[in-house]
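The values are calculated or read from the model by the stated rules, or taken from the named source; none is laboratory data. The shown structure was predicted, so the numbers you read here are calculated from the model rather than taken from an experiment. With ideal geometry, Cβ positions are generated from the backbone for all residues, glycine too; neighbour counts draw on all protein chains shown.
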């Protein structure tokens, strides 16, 4: 998770800002996955931050 946050900051794809007072924010959550080799041993752990799009209002 820390590696993913570091990558987002390094590539300037994430910026912390103050939320607008008149808007509702869309939440987010972490999704984790374990990548494995064909023999079943662990290759690496992956994490990504995704938006909870189902909470978005039109």
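Looking only at the stretch 1-46, count every residue that is in contact with a strand residue (DSSP E or B) (Cβ under 6 Å, 6 or more places away or on another chain) and assigned to a loop (DSSP other than H, G, I, E, B) and tell me the total.
Count: 3.
Quickly run through the stretch 47-58 and pick out the residues that are touching a residue at least 24 places away in the same chain (Cβ under 8 Å), in a loop (DSSP other than H, G, I, E, B) and over 15 Å from the mean Cα position of the chain (by Cα).
Result: 56, 57.
Evaluate the stretch 12-34: report whether one residue or more is under 19 Å from the mean Cα position of the chain (by Cα) and touching a residue at least 40 places away in the same chain (Cβ under 8 Å).
Taking every residue of the stretch 12-34 in turn, none turns out to be under 19 Å from the mean Cα position of the chain (by Cα) and touching a residue at least 40 places away in the same chain (Cβ under 8 Å).
Out of 29, 33, report the one residue that is loosely packed, with under 10 Cβ neighbours inside 10 Å, within 16 Å of residue 1 (Cβ to Cβ) and modelled with pLDDT of 85 or more.
29
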